[in-house]
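All of the numbers you see were taken from the coordinates with simple rules; none came from a lab. The structure presented is a predicted model; accordingly, all values stated were derived computationally and were not measured. All Cβ positions, glycine included, derive from the backbone under ideal geometry; neighbour counts span all protein chains shown.
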Amino acid sequence: MHPWKKCLPLRFTVIGLSALLAGGGCHRAGDAPPQALAPEEVTPALDTAFKNANPENKQAANEVVSALQSKDDPKAFIHLQSLAARPDLTADQRAAATRSMLSVLAQLQAAAANGNKAAEDLLQAYRASK
């Protein structure tokens, strides 16, 4: 009997454990794409996430809320793009900004489908910038 045959079960065990450990982190819950907020959840989510933010980020979030309250979705979307791109956001702030942006984007798509020219123009510009 060859000496390497004695180690064969150990080698298979090591290879199996290595494959298990390497593949174990592939399906983390954090890998799922962000989900859009319901339209009525956007303002409270931004208010909560940016309550203790630095003054610049808090002001940017307030501009989004103000645009939404004025029913100016194109302006809110532009402000959300700017807000989500800020490098100094916390994970919660970035998630709130991103999920809010997805919500406003869905509203813009619905408005464009109903003939809103401003929404349609903004969506075309947004798609061209991708």
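Brief remarks on what is shown
- Leu68 being buried (at least 21 other Cβ atoms within 10 Å of the Cβ), free of Cβ contacts under 8 Å to residues at least 40 places away in the same chain, assigned to a loop (DSSP other than H, G, I, E, B) and out of contact with any Cys (no Cβ under 7 Å at 6 or more places or on another chain): no
- Any hit, segment 80-92, residues being over 11 Å from the mean Cα position of the chain (by Cα), of a type in the set (A, V, I, L, M) and under 15 Å from Leu122 (Cβ atoms): yes
- Answer residue from segment 103-130, given it is in a helix (DSSP H, G or I) and of a type in the set (D, E, K, R) and is farthest from Pro33 (Cα to Cα) among those: Lys117
- Every residue from segment 71-98 that is surrounded by 15 or more Cβ atoms within 10 Å (Cβ to Cβ), of a type outside the set (S, T, N, Q), touching a helix residue (DSSP H, G or I) at 6+ places or on another chain (Cβ under 7 Å) and not in a loop (DSSP other than H, G, I, E, B): Asp73, Pro74, Lys75, Ala76, Phe77, His79, Leu80, Leu83, Ala84, Arg94, Ala96, Ala97
- Of all residues in segment 90-120, those satisfying the criterion of being more than 19 Å from Asp31 (Cα to Cα) and either among the polar types (S, T, N, Q) or in contact (Cβ under 8 Å) with a residue 24 or more places away in the chain (or both) are Ser103, Val104, Leu105, Ala106, Gln107, Leu108, Gln109, Ala111, Asn114, Asn116, Ala118, Ala119.
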